[in-house]
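Trainee: Starting off with a structure, shown below.
The values are calculated or read from the model by the stated rules, or taken from the named source; none is laboratory data. As the structure is a computational prediction, the values presented were derived from the model and not from experiment. Because the Cβ atoms are built from the backbone with ideal geometry, glycine has one as well, and the counts that use them run over all protein chains shown. Heads up: the accessible areas ignore ligands, DNA and RNA and are worked out on the full protein's heavy atoms, side chains in. Shrake-Rupley method; radii C 1.70, N 1.55, O 1.52, S 1.80 Å.
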Amino acid sequence: MIKIEGLDVAIGAVSILRNVGMELPSGRFTGLVGRNGAGKTTLMRALMGILAPRNGSIHFEGSTLDGMPTHQRARLGIGYMPEDRRLVPHLEVEENVLIPAWASGLADPSTRLAKVYEMIPEVQAFSSRKAVQLSGGQQKLVALARALMCGTKVLLLDEPFEGVAPVLARRLAEVIDGLKKQGLSILLTESDLSHSRELLDTLYVIDRGEVSAGKL
């Protein structure tokens, strides 16, 4: 589904990712584990086109994503859940969920929204509340729902369990496991495998911007 080759990414003069090579197979759950500051978020942002690589290439379904803007990647079926959620605090939950559909020009957002609510019914239950009124765990569920609006083929989940109470972390794991069973390709980053070990098919380890194969 996604193939990364020789990817180098820098922020300013600081080199973050070095010669990264990875494959995300179709319908599989891939984990990327590393300590804070190792480069996990930088890789996610490069995959979404938020950061431009210095070298290397990213291919999706056999076609290059090089130079493609973020909203066009979303149109291809790639959804992104950032670590810090990035919700608009004073918009309603439903408005936050619909943002990527509006930005990417999704043809029938209401049909997709109904499907997302079916997958995560909790989000529909508080859809009229302001994002700022939600707990951190509830905001994570909203951020996942938002990623699903366009993420019909691939989901990029950056530290989805970070800072979430245990009961909501378990619920997030249940939802993510259900998405895998629907055939989505998922890349998930974590600092450790405490929440996702049983979900993963493939594991990579990132350290100081270099990625290697790991063992489950």
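Trainee: Assuming Lys40 fulfils every condition listed in (1) on the phi > 0 side of the Ramachandran plot; (2) touching a strand residue (DSSP E or B) at 6+ places or on another chain (Cβ under 7 Å) apart from one, which condition is it?
Mentor: (1)
Trainee: Every residue in segment 192-216 that is hydroxyl-bearing (Ser, Thr, Tyr) and modelled with pLDDT of 90 or more, please. Please lay out each step first, then the result.
Mentor: To start, the set of residues in segment 192-216 that are hydroxyl-bearing (Ser, Thr, Tyr) comprises 194, 196, 202, 204, 212.
Within segment 192-216, Thr202, Tyr204, Ser212 meet the criteria.
Trainee: Let me ask another. With Val167, Val205 as the choices, which residue is more than 23 Å from Met22 (Cα to Cα), among the β-branched types (Val, Ile, Thr) and open to solvent by 20 Å² or more (accessible area, probe 1.4 Å)?
Mentor: Details: Val205 fails: more than 23 Å from Met22 (Cα to Cα).
Selected residue: Val167, the only one of Val167, Val205 that is more than 23 Å from Met22 (Cα to Cα), among the β-branched types (Val, Ile, Thr) and open to solvent by 20 Å² or more (accessible area, probe 1.4 Å).
Trainee: Between a residue in segment 96-107 that is among the hydroxyl-bearing types (Ser, Thr, Tyr) and any residue that is open to solvent by 30 Å² or more (accessible area, probe 1.4 Å) and in a helix (DSSP H, G or I), which pairs come within a Cβ distance under 6 Å, given they are 6 or more apart or on different chains?
Mentor: Listed by first residue and then by second, the contacts come to Ser104/His71; Ser104/Arg75.
Trainee: From the list Ile99, Ile78, pick out the single residue that is among the β-branched types (Val, Ile, Thr), under 23 Å from Ile120 (Cα atoms) and touching a Cys at 6+ places or on another chain (Cβ under 8 Å).
Mentor: From the options Ile99, Ile78, the qualifying one is Ile78.
Trainee: Could you check, for segment 145-163, whether at least one of its residues is modelled with pLDDT under 85 and either crowded, with 16+ Cβ neighbours inside 10 Å or more than 20 Å from Arg45 (Cα to Cα) (or both)? Before you say what the answer is, go through the steps one by one.
Mentor: Of the residues in segment 145-163, the ones modelled with pLDDT under 85 are 163.
Now restrict to residues that are either crowded, with 16+ Cβ neighbours inside 10 Å or more than 20 Å from Arg45 (Cα to Cα) (or both): 163.
So far as segment 145-163 goes, yes, one or more of its residues are modelled with pLDDT under 85 and either crowded, with 16+ Cβ neighbours inside 10 Å or more than 20 Å from Arg45 (Cα to Cα) (or both).
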